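Shown next, in structure tokens, is the structure this report addresses.
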Amino acid sequence: MMKRIALLFIFFLIASACSPKISEIDVYQSKAKEGDKGAIKKLIKLLEYPDEEIKVKAYSGLIEAHHDKKGFIEDALISMLKERHDDATREFVIGLLGKLKSKKSVEVLKELGKDKNFKRRYVVFSAFGEIQDEVVVDDVIDALSDPLEDVRKYASRALIKLGPKAIPKMMQRFPSANASVKGYLIRAFGELRNNQPEDLLIKELDSENKLDVIWALGKLGKEKSLPLLIDLTKSTDYRVRIQACQALGDLNLKEAIPALKVALNDREVLVREWAARSLELLTGERTLYRDEKGNLALPYSIYH
Amino acid sequence: MKKLVIGIMLLLFFACNSGEKKADKSSISGMIYKPIGNAYVYIYKEGMDLKGPAFTDVVSDSNGNFSIQLPPGKYFLVARMRKSGEVAGPLEVGDIKSDVIGPIVVKESGEVIKTDIKVFEKKGEAKDIAIASSKDEKKTVISGYIFDADGKPVQNARVHVYDHVQMSERPKFVSTPTGPDGKYSIALPKGGTYYLAARDKFGGPPKVGDLYGRYDKGTIEPSGVVVRDNEVLQNINITVHRVW
């Protein structure tokens, strides 16, 4: 009996001796900043530790490690990804590779982005957005039809972060994409604010992505979009009218002013409010609208 | 055998605890008065948002005394005690708070800096930020669920509602914390276009390791949620991820 208790106690002590202490990690962090390879190795090892607080501390230490050791950290992390690890550890490792803008890791990450058993694969696309290597564009567009919504969203954001170099491939694949993928591409086009896809988007104005198209045309459109958006301020759907008023403000063409003044008398208060906001963008003057009680009011400022 | 086991046990015990010896650090100590126990003293480094998360904090003992060791630097102190018992969040009428004290310069010498903190009860405006309750009578409501990276509901997260697209300043409304089902419901005073974020921490910009997510449709700019007066919008779900 005594022997058993003693063995259990020894086991407990060994386990607690192996547990990293926050104060120890602080030391590793400051040594890693100075480029100490041993401390960096310890921090990398701690990414495998099950406690998330420890993982976060190790991750933070590695971000701040001396820049001369970036290659060493990258290689160690890529090796870890090739081994079998739990999803949480992989998530931290991939998040870190993204933060380090590791181009070396792209091929391994591409494989993990397709691995449906890796539930946290959204982080692959988060990393692609940071790494910004155009070789991933096709993989990122493929991920817009991933069954997991957060994967699709991070893929869409990665396209935006990849910038104009992603646009030709996006435009090439747009016509054959399904409505959901088109929705992500349309929104990404909008945020990229590049005029090249304007014609493609105009063709989608009557699709189920109508609201997103209107929003995107406001961001990237030119004179060609103006009459279409003005026309949409008369739609029977209040959501379309709101979006059109917002887009006319974003489009920033003074020719929209008369239509927006008409929209100030819309039957829907939120349309009137957006018309006032957009008029302010176009004229530089604060514009009043009639609120739900019929009083003249200033719209709250969305674009501080 | 017994001696051997005891020997190993002692050896391991000392091995485990030898790393915890701390270097001499300076400390700030004092008393919160009128003496208040279980009040939080929040310590902010110079330049930090004094209404956001603190650098560190310490709880006063039953006599109102507190003491904390700090690395060298310039610090600001503020004491707060919420009736709700929560560590963070906007102060309400009746909560206890102090003025901001500092800067206090802490050096590496191991000195003890004595600083007593006078506290008073918050009066005036009911809340720094409106906490929208699901019990609110108003009918303009946005509701949904907060999920984590594995699609599981997130407990104790809050939805922050902003009325501007940058979402950079303090939120206009904040929901009560989610329960085990991750559900939130936030009643708003009127319809409009709102921008939503969910997070596990209260105040200040999200930091590395925090759980954070915005309502959007795969864009970097948040997607506005348009809700009309007296409309109840459901399934405005938000997924939170670690901030990388």
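The values are calculated or read from the model by the stated rules, or taken from the named source; none is laboratory data. Predicted, not measured: the structure shown is a model, and the values here were computed from it. So basically every Cβ, Gly included, is an ideal-geometry build from the backbone, and we count neighbours across all protein chains shown. Surface accessibility is based on the protein's heavy atoms, side chains included, excluding ligands, DNA and RNA. Shrake-Rupley method; radii C 1.70, N 1.55, O 1.52, S 1.80 Å.
Round to the nearest 10 and give me the degree value, 0 to 90, for the angle of helix A:22-33's Cα axis relative to the longest principal axis of chain A.
70
How big is the B-A contact in terms of buried accessible area, both chains counted, 1.4 Å probe, rounded to the nearest 100 Å²?
Interface area, both chains combined: 4000 Å², rounded to the nearest 100.
So if I place +1 on the C-beta of Lys and Arg and -1 on the C-beta of Asp and Glu, and nothing else carries charge, what would the dipole magnitude of the range A:172-213 be about its Cα centre? I want it in debye, nearest 20.
140
Mind ranking A:79, A:105 by accessible surface for me, highest first, 1.4 Å probe?
A:79, A:105
Taking the Cα centre of the range A:179-304 as the origin and placing charges on Cβ (Lys, Arg +1; Asp, Glu -1), which of A:243, A:181, A:298 is farthest toward the positive end of the dipole?
Result: A:298, furthest along the dipole toward the positive end.
Using the Cα centre of the protein assembly as shown as the reference point, and only Cβ charges (+1 on K/R, -1 on D/E), how large is the resulting charge dipole? Debye, rounded to the nearest 20.
960
Distances over 47 Å make up what percent of all Cα-Cα pairs in the protein assembly as shown?
Of all Cα-Cα distances in the protein assembly as shown, 24 percent exceed 47 Å.
With runs of 4+ DSSP H residues as the only contributors, calculate the mean residue ellipticity of chain A at 222 nm using -39,500 (n - 2.57) per run, divided by the residue total and rounded to the nearest 500.
Counting only the DSSP helices, I get -19500 deg cm²/dmol.
Give me the mean projected area, in nm² to one decimal, of the convex hull enclosing the Cα positions of chain A.
23.1
Mind listing which GluC sites (Glu not before Pro) in the range A:266-298 are in a DSSP loop and have 11 or fewer other Cβ atoms within 10 Å?
Here the GluC sites (Glu not before Pro) that fit, given the DSSP loop and packing criteria, are A:285.
May I ask you to list the GluC sites (Glu not before Pro) in the range A:73-164 that are in a DSSP loop and have at most 11 other Cβ atoms within 10 Å of their Cβ?
A:83
Can you compute the charge dipole magnitude of chain A about its Cα centre, using +1 on each Lys and Arg Cβ and -1 on each Asp and Glu Cβ, nothing else charged? Give it in debye, rounded to the nearest 20.
Dipole of chain A, to the nearest 20 debye: 520 debye.
What whole-number value in Å² describes the accessible area per residue of chain A for a 1.4 Å probe?
47
Quick check: at a probe of 1.4 Å, how many percent of the accessible area of the range A:170-247 sits on carbon and sulfur atoms?
Carbon and sulfur together cover 46 percent of it.
Do any chymotrypsin sites (Phe, Trp or Tyr not before Pro) in the range A:240-304 lie in a loop, going by DSSP, with at most 16 other beta-carbon atoms within 10 Å of their beta carbon, and if so which?
A:300, A:303
Using just the alpha carbons, could you tell me how many Å³ per residue the convex hull of the range A:188-243 encloses?
Value for the range A:188-243: 70 Å³ per residue.
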